[in-house]
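Notes follow once the structure below has been shown.
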Amino acid sequence: MKNNDARVILNLNIEEMPGQSFDCPCGRHHSVDIEKIIVRNGILGELTNTLEPFRTGKLLVISDTNTYGVFGEKVAEHLSQEGFQLKTFIFETPGHALIPDEHAIGRLLIELEQDTSLILAVGSGVMNDLARIIAYRTGKPFAIAGTAPSMDGYASVVSPLIINGKKNTYPGKYPSAIFADTSIMRYAPMVMIRAGYGDVLGKLTSLAEWKLSNIVNNEYYCDTIAGLVRKGVDRCIESTDGLAARDDKAICHLIEALILTGISMGLAGVSRPASGTEHQLAHYWEVKDIEAGREHALHGNAVGAATVVTAMLYELAADILPEGFAYPSSGRVKELLERIGAFTSPRDLGISRELFEDSLMNAMYLRDRYSLLRFCHEKGRLAAYKDILVRRFYD
């Protein structure tokens, strides 16, 4: 549905956004290439209606031990009763997390049959990433029925995978549809709700960094896309206290903010609106833990703590930032995370002093993208700021 006013996208609710297409004041044409987004209490009826075009083939419904018990079994039974042909595959994960590695990818390729009309993943981050890469490589459509508001990848077009023991991001595709049942998501483990919230708060620093690179390097920047992300973040922050109580409306605002972030990345064609220094730090910690064979925190919980660090770095760099440059308060970010019991310090995540120091000096090299870390390094201040931050968190 094309419209000529970019402001319209800012006033739509999440379920009205699929198919929107518009010419933007930034000079680009944007489109939301997802067919359906459903966020509400109870989605099984919409699931049936949306998947109707795929009835002629066989649906491959994938989940793991946990997500099958939470929602996968109910989804499979409902679709079967509605006359769909199904093949159900469950990753056996008793007592451990599923890893999105070459073994899991190969297992799904074995289960995928030629007459599969659509892959339906039931789960959150890992199931979403696995379905996306399989769908992209085989040309099959896929949809996701979410089980936790834990990450912003539901509407993403990339899959972070662990191949040969190292984490890398691989190209994927948009899901045909996203189904988020708040009556399921509100009962997700609180650590996953906190992770989703930490991921949302990370947009406060990533948006600031996107603008910084625009000012310093003339990098492409879009006010419309930034406004879309802020809309989701602001509504989520307003509902902070409701998250601890698992309030249905608060959970709805959280998952909407996470999906909006994914949409924003698709509109921009890059992850800039959603990922900055806070994500570089979180990814660096995770990569080093994976390489060492250590358990690591959920991505969003690491992002939340790294957002506090990044906001502090902005405050330290206030005198060298462009005049009038706006950035979030570290105290405000910390206070918001504390209100739902989330991590606010890398030390509390189990990040060693040595790894924290290393990340501040080297996380900027994970990818070729201008960041606050690079800005401080170019100004000759990063080493001094590193010493200050290390003392704040570890002394």
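Nothing in this text is a laboratory measurement; each read-out follows from the coordinates by a stated rule. In this text, all values refer to a predicted model and were calculated from it rather than measured experimentally. For neighbour counting, all protein chains shown are included, and Cβ atoms are generated from backbone atoms with ideal geometry for every residue, glycine included.
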Rotationally averaged projected area of region 310-395 (alpha carbon convex hull; nm²): 6.2 nm²
Helix 248-268: angle to the longest alpha-carbon principal axis of the chain, degrees 0 to 90, nearest 10? 80 degrees
Do the sum for the chain: with -39,500 (n - 2.57) for every DSSP H run of n ≥ 4, divided by all residues, what is the mean residue ellipticity at 222 nm, to the nearest 500 deg cm²/dmol? -15000 deg cm²/dmol
Per-residue HN-Hα couplings for region 351-363, Karplus 6.51 cos²θ - 1.76 cosθ + 1.60 at θ = phi - 60°, whole Hz, x for Gly and Pro? 6, 6, 4, 5, 5, 4, 4, 4, 5, 5, 8, 10, 4
Folded to 0 to 90 degrees: helix 382-394 orientation relative to the chain principal axis, Cα: 70 degrees
With r defined as the distance between the Cβ atoms of residue 392 and residue 223 and R0 fixed at 30 Å, what FRET efficiency is calculated, to the nearest 0.05? 0.35
Determine the sum of side-chain charges near residue 116: Lys and Arg each +1, Asp and Glu each -1, restricted to other residues whose C-beta is under 12 angstrom from that of residue 116. 0
Per-residue ³J(HN,Hα) for region 232-240, Karplus 6.51 cos²θ - 1.76 cosθ + 1.60, θ = phi - 60°, Hz, x for Gly and Pro: x, 5, 4, 5, 5, 4, 4, 9, 3
Connecting C-alpha atoms closer than 10 Å in a GNM of the chain, tell me which of 214, 49, 128 has the biggest fluctuation. 49
For residue 116, the residues 5 or more places away or on another chain with a placed amide H closer than 5 Å to its own amide H are 58
Checking 150, 264, 183 against a Gaussian network model of the chain (alpha-carbon springs below 10 Å), the top fluctuating residue turns out to be 183
How charged is the neighbourhood of residue 357? Take every other residue with its Cβ under 15 Å from the Cβ of residue 357, and add Lys/Arg as +1 and Asp/Glu as -1. +2
Using a simple charge model, +1 on the beta-carbon of Lys and Arg, -1 on the beta-carbon of Asp and Glu, nothing else, what dipole does region 42-168 show about its Cα centre, in debye to the nearest 20? 300 debye
So how far, in whole Å, is the C-alpha centre of region 54-111 from the one of region 123-150? 11 Å
Amide H partners (placed H, <5 Å) of residue 221, local residues excluded: none
Gaussian network model of the chain, springs between alpha carbon atoms under 10 Å - residue of 79, 337, 366 with greatest fluctuation: 366
Remind me, relative contact order of the chain in percent, using alpha carbon pairs under 8 angstrom and six or more residues apart? 14 percent
Restricting to bridges with both residues inside region 36-185, how much of the DSSP beta-bridge set is antiparallel, in percent to the nearest 5? 20 percent
Under 29 Å Cα to Cα from residue 36, which lysines show up? Leave out anything in the same chain fewer than 8 places away. 2, 58, 74, 87, 140, 173, 203, 231, 249
Share, in percent, of DSSP beta bridges within the chain that are antiparallel, nearest 5: 25 percent
Identify, among 271, 316, 300, the residue whose Cα sits farthest towards the positive end of the charge dipole of region 249-318, taking +1 on the Cβ of Lys and Arg and -1 on the Cβ of Asp and Glu, with the dipole about the Cα centre. 271
Exactly which GluC sites (Glu not before Pro) in region 53-89 are in a DSSP loop and have at most 16 other Cβ atoms within 10 Å? 82
Which of the listed residues, 67, 10, 38, is farthest toward the dipole's positive end in the chain, when Lys, Arg count +1 and Asp, Glu count -1 at the beta-carbon? 10
Counting Lys and Arg as +1 and Asp and Glu as -1, each charge on the Cβ, what is the dipole of the chain about the Cα centre in debye, to the nearest 20? 420 debye
According to the Kirkwood expression over distinct Cα-Cα pairs, how big is the hydrodynamic radius of region 86-206, in Å? 15.1 Å
Rounded to whole Hz, the Karplus (6.51, -1.76, 1.60) HN-Hα couplings of region 364-374, x for glycine and proline: 5, 8, 4, 8, 7, 9, 5, 9, 4, 4, 5
Amide H neighbours of residue 101 under 5 Å, at least 5 residues apart or on other chains, H built in the peptide plane: list them. 162
Using all Cα-Cα distances in region 222-331, what percent lands in each 10 angstrom bin from 0 up to the longest? 13, 33, 39, 14, 1
